[in-house]
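Peer 1: Starting off with a structure, shown below.
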Amino acid sequence: MSFRINTNIASLQSREYLRTTSEDQAKAIGRVTSGLRILSSGDDAAGLSIANSFRSDQAVLQQGIRNANDGLSTLQTIDGGINNISKLLDRARTLATQSASGTFTGSRAVLNTEFTSVVAEIDRQAQSIGLNTGGEFARSLSVFIGGGKSSNGINAIQNGASNVDLSNSTVDAKSLGLKGSQAQGIAGIDIGTGSGSTSVSTIINDPTNVASLGAAGFTDLYFRGPGFGDAQRVKVSVNLSGVTNVDNLVGAINNALTSAGQVVSPAATAFQNANVRASVITAPDGKRSLAFTSANSAFQVEAGDRTANALLGNVTAPTNPTGVSLTNTVTGGSATAATTTTFGASQALASLSSAVAASGSLQAAGITLASPTPGSALVFGNARGERFEAQSSGDLNNLLGLGSFRSLNGASGSFDYTTLTGSGGAFTATAETLEFSIGGGATIPLAVTPAGATIGDAIQALNSAIAGNTTLAAAGLVATNSGGEIQLASTNGTRFRIATQGAGNVFGFNSAGATGVADVAETQAGNTDVNQFISGGTQQTSLIPFSGIRSGGDDQTITLTAAENGGPEQSLAVVLRNDGTLRNGGTVDEAISAINTTLQQSNNPTLQKLFAVKAKATPTGPEGIRFVSTLNSFKVTASTNGGGTGLGSQGTVISSATTGTGATADISTQESAQSAVSALATAVTSLGQAQAVVGRGQNQFTFAVNLAASQLTNLAAAESRIRDADLAEEAANLTKAQILLQAGISALAQANSAPQQVLSLLKG
């Protein structure tokens with residue numbers, strides 16, 4: 001056995017074991033007193049990270065449950081308000097049913113006063129619960145609860161939110177169909193039986209009105225709106241058989257409206273969804289006028305004949321039942337050729353008359369040709385009251401008196417072209433006047449004199465003259481040599497027309513032997529109709545002027561921006577142009593069609609409530625564009641272009657404003673009460689649908705709370721398994737550590753005294 005003084009191995013070992021035991025005791029005491037297994041990251045770094053994540057998720061879920069309960073409380077408040085509105089509808093139906101009875105002998109005015117107050121209270125309560133149009137809760141409500149995970153492209157935030165969409169669940173009077181947009185005939189013109197001169201019976205039996213009917217016994221109305229505008233406008237033919245007064249006229253119109261909506265077509269379906277209904281309005285002075293109402297859509301109604309125009313109050317005089325004429329005419333600039341010419345005027349004009357009458361598209365547009373007489377100017381008419389043009393091609397001797405542009409293929413074919421090659425050009429140093437029309441616009445005379453008698457001289461002179469004219473230069477017209485003839489072409493896709501004055505054919509744009517004539521401007525009659533009525537109580541822009549986009553370089557972007565019920569702004573751009581890519585801005589009709597088509601094809605429910613219509617500020621004024629919608633507001637912006645053409649007010653933002661007054665259900669007459677009964681039945685259904693959405697939302701939030709509570713419990717359990725200490729185990733560890741600590745101290749004392757044994761060896 002060896003003895004060492006310098007290094008006491010036993011003491012060192014005892015101290016190390018004692019240190020370890022002391023640390024174990026301290027850790028056991030910490031776990032027992034804190035109840036936690038992990039006191040520091042060193043105890044279990046990975047476990048601590050997971051436990052902290054679980055704890056953070058629990059904090060989110062705890063607040064999420066409070067969020068959902070708040071949302072549930074809000075929906076319960078809304079539900080209570082809807083229950084009150086349901087009772088108000090019950091009272092309104094009771095009053096309407098009482099007034100609708102033919103045996104009622106009391107005062108309908110008294111009933112209507114209470115009915116009006118009930119409708120007003122519906123609006124007040126809808127506003128109080130935030131479910132009026134544009135109300136606080138009339139939108140998609142997203143309540144974040146937490147507990148979601150990313151999956152299939154949907155992030156955790158989206159999956160952790162519960163959404164209830166109340167944007168289509170408004171319950172004010174307008175949303176329930178008790179208020180809506182309304183187009184009313186001209187006020188002050190009484191079509192009731194009390195009128196001696198403009199009653200319904202007098203109007204529909206007026207010979208002039210009868211002669212204007214497209215089909216005997218039927219008067220036509222045309223409706224435009226979202227999804228049924230432009231060429232897809234809905235024609236409503238009203239059967240006048242048995243109609244003797246304004247009340248059965250309304251019945252006949254409503255039957256026709258129903259039938260028009262049942263046609264199988266997208267436009268008819270959109271019209272049916274608009275649910276336009278006819279009614280009669282009785283003014284305080286007893287005068288009665290026709291009106292049309294929709295609870296959910298803006299629209300325009302247009303008279304299709306003089307009878308319909310008169311029924312809408314647009315009569316030639318307050319005491320005359322004849323409706324204002326809708327015929328708009330175009331008169332040729334000069335007389336047709338006389339019978340004695342080789343033209344064969346009588347036969348040619350008879351052929352033209354037959355061709356117009358046989359054209360389905362012209363007849364659908366209401367285009368007619370008055371009985372033409374050789375030696376007199378042609379007179380074309382439009383029975384719809386719309387502006388139009390009558391032009392000819394190939395008639396270089398102007399035998400029809402309409403003037404002529406050169407056609408693309410000699411004596412026939414289109415006279416709108418982007419490239420045209422002359423033929424038989426004389427190329428002499430002789431002055432000649434050419435007339436151009438860019439995109440169908442006004443004629444532009446261009447006097448050109450070549451410096452020499454060669455095609456090169458002619459081309460140089462023509463290009464120089466074109467460059468000196470701003471409009472022609474913007475159209476990109478360039479003359480070149482094509483096989484010994486002059487070819488005119490547009491470099492930017494602009495369509496143009498050309499005519500030559502005189503018979504010289506210097507540049508080759510006259511037909512051989514023909515006498516070139518200037519294009520004659522047709523005389524456009526300024527019609528005096530007021531046959532279009534836009535529903536009031538809607539958002540409308542002012543009338544925006546429009547001029548056709550002529551040049552291929554004058555693209556214009558129309559931007560429409562709208563928001564619904566406090567939701568985010570929706571925006572749509574429509575490009576109007578007139579070039580080789582697309583020609584949708586040459587006329588006001590093309591532009592309106594392009595705008596409305598793009599809106600409907602956007603598949604955006606908000607923007608699809610917008611539509612554009614053609615209108616005039618004055619009966620004889622130019623046609624412009626007005627935008628209309630039932631939305632709370634919207635904006636229109638038109639970009640600028642070089643020609644200043646297209647939609648006017650370029651570079652400015654045009655905001656909509658509420659125009660006119662809408663309709664409110666009333667029960668002041670038996671007829672209006674009967675209409676109110678039907679409207680209230682629909683309102684009850686609409687209210688039930690809104691309440692169902694609220695109920696689904698309550699259930700949805702309840703289920704979300706249940707799931708979040710379950711997740712919270714399980715997360716707490718999972719965190720506990722990682723973070724919490726097993727106290728039984730830790731108590732045993734503490735006892736073990738205490739015993740080891742006592743034993744260690746005793747052993748250390750023995751180890752420290754061991755070197756003293758060496759002294760006994762030194763005593764000897």
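Peer 1: Among GLN608, GLY651, GLY502, which residue has its Cα furthest toward the positive end of the charge dipole of the chain, with +1 on Lys/Arg Cβ and -1 on Asp/Glu Cβ?
Peer 2: Of the options given, the answer is GLN608.
Peer 1: Rounded, prolate or oblate: which fits segment 424-564 when a ≥ b ≥ c are the square roots of the eigenvalues of the alpha-carbon gyration tensor, with rounded for a/c under 1.5 and prolate only if a/b beats b/c?
Peer 2: prolate
Peer 1: Stretch ASP247-SER140 to full length: gain in nm at 0.36 nm per residue minus the Cα-Cα span?
Peer 2: 34.2 nm
Peer 1: A further question follows. In whole Hz, with x marking every Gly and Pro, tabulate ³J(HN,Hα) for segment 319-326 from phi via Karplus 6.51 cos²θ - 1.76 cosθ + 1.60, θ = phi - 60°.
Peer 2: Going residue by residue, I get 10, 10, x, 6, x, 4, 4, 9 Hz, with x marking Gly and Pro.
Peer 1: May I ask you to compute the full-extension gain from ASN632 to ALA358, defined as 0.36 nm times their residue separation minus their alpha-carbon distance, rounded to one decimal in nm?
Peer 2: Additional length available on full extension: 94.0 nm.
Peer 1: Work out the FRET efficiency for ARG15 and GLN738 from their Cβ-Cβ distance, taking R0 = 22 Å, and round it to the nearest 0.05.
Peer 2: According to the calculation, E is roughly 0.75.
Peer 1: Among ASP206, ASP519, ASP79, rank each residue by its count of other Cβ atoms within 10 Å, from fewest to most, as a rough exposure measure.
Peer 2: Ranked by crowding around the Cβ, least crowded first: ASP79, ASP206, ASP519.
Peer 1: Placing unit charges on C-beta atoms (Lys and Arg positive, Asp and Glu negative, everything else neutral), compute the dipole magnitude of segment 579-716 about its Cα centre in debye, rounded to 20.
Peer 2: Using only the charged Cβ atoms, the result is roughly 240 debye.
Peer 1: Can you list residues from other chains, or at least 5 along the same chain, whose modelled amide H is less than 5 Å from the amide H of ARG37?
Peer 2: Under 5 Å from the amide H of ARG37 lie the amide H atoms of ASP724, ALA725, each far enough along the sequence or on another chain.
Peer 1: Here is a follow-up. Taking θ = phi - 60°, what integer Hz values does the Karplus form 6.51 cos²θ - 1.76 cosθ + 1.60 yield along segment 630-645, in sequence order, with x for Gly and Pro?
Peer 2: Whole-Hz 3J(HN,Hα) from phi for segment 630-645: 8, 4, 5, 5, 7, 9, 10, 10, 10, 6, 8, 9, x, x, x, 9.
Peer 1: Set Lys and Arg Cβ to +1 and Asp and Glu Cβ to -1, take the dipole of the chain about its Cα centre, and tell me which of PRO207, SER361, THR640 lies farthest positive.
Peer 2: The one lying farthest along the dipole's positive direction is THR640.
Peer 1: Here is a further query. Count neighbours as other Cβ atoms within 10 Å of each site's Cβ, and list the GluC sites (Glu not before Pro) in segment 575-674 that are DSSP loop with at most 13 such neighbours. Walk me through the numbers on the way to the answer.
Peer 2: Working: sites: GLU590, GLU623, GLU671; in loops: none.
Here no loop site has a sparse enough neighbourhood.
Peer 1: State the answer as a single residue: which of THR620, GLY536, GLY344 lies farthest towards the positive end of the charge dipole of the chain, with beta carbon charges of +1 for Lys and Arg and -1 for Asp and Glu, about the Cα centre.
Peer 2: GLY536
Peer 1: At 7 Å along the Cα-to-beta-carbon direction for both GLN757 and ASN69, put a label point, then send me their distance in nm to one decimal.
Peer 2: Here the answer is 7.3 nm between the modelled labels.
Peer 1: Given H placed 1.01 Å from N in the peptide plane, which residues other than close sequence neighbours of TYR417 have an amide H under 5 Å from its amide H?
Peer 2: PHE496
Peer 1: For the chain, what is the charge dipole size about the Cα centre, in debye to the nearest 20, if Lys and Arg each add +1 at the Cβ and Asp and Glu each add -1 at the Cβ?
Peer 2: Here the size comes out at about 1840 debye.
Peer 1: Let me ask something additional. Applying the Karplus parametrisation 6.51 cos²θ - 1.76 cosθ + 1.60 with θ = phi - 60° to the phi angles of segment 249-254, what ³J(HN,Hα) value in whole Hz is obtained for each residue in order, glycine and proline being reported as x?
Peer 2: Here the 3J(HN,Hα) series is 5, 4, x, 5, 5, 5 Hz.
Peer 1: So what's the net charge close to ALA679: Lys and Arg +1, Asp and Glu -1, counting the other residues with Cβ under 12 Å from its Cβ?
Peer 2: Net charge in that neighbourhood comes out at +3.
Peer 1: Can you tally the lysine pairs in the chain where the Cα-Cα distance is under 20 Å and the two residues are eight or more apart, or on different chains? Intermediate values should be presented prior to the final figure.
Peer 2: Numbers: LYS27/LYS736; LYS87/LYS174; LYS87/LYS179; LYS174/LYS609; LYS179/LYS609; LYS235/LYS614; LYS609/LYS635; LYS614/LYS635.
The result is 8.
Peer 1: ASN469 label point, 7 Å along Cα→Cβ, cut-off 17 Å on backbone N: hits in segment 564-601?
Peer 2: Zone members listed by number: none at all.
Peer 1: Sticking with this one: Rank the residues THR713, THR597, THR340 as a footprinting-exposure proxy: fewest other Cβ atoms within 10 Å of their Cβ go first.
Peer 2: The order, fewest Cβ neighbours first, is THR340, THR713, THR597.
Peer 1: Still on this structure: Just to confirm my numbers, what's the Cα centroid distance between segment 419-483 and segment 584-599 in Å?
Peer 2: Each part reduced to its Cα centre gives a spacing of 32 Å.
Peer 1: Another question about this same structure. Skipping prolines and chain starts, which residues have an amide H placed within reach, meaning under 5 Å, of the one on ASN632, given they are 5 or more residues away or on another chain?
Peer 2: Amide H to amide H, under 5 Å and 5 or more residues apart or across chains, ASN632 pairs with ASN565.
Peer 1: Give me the number: length gained by fully extending ARG55 to SER482, i.e. 0.36 nm times residue separation minus the C-alpha to C-alpha distance, one decimal in nm.
Peer 2: 145.3 nm
Peer 1: Continuing with the same structure: Computed from these coordinates, which is percent of Cα pairs over 44 Å apart: (i) 46; (ii) 28; (iii) 51?
Peer 2: Checked against the structure: label (iii).
No lab work stands behind these numbers, since they all come straight from the coordinates. Predicted, not measured: the structure shown is a model, and the values here were computed from it. Note that each Cβ is placed from the backbone with ideal geometry, even for glycine, and that neighbours are counted across all protein chains shown.
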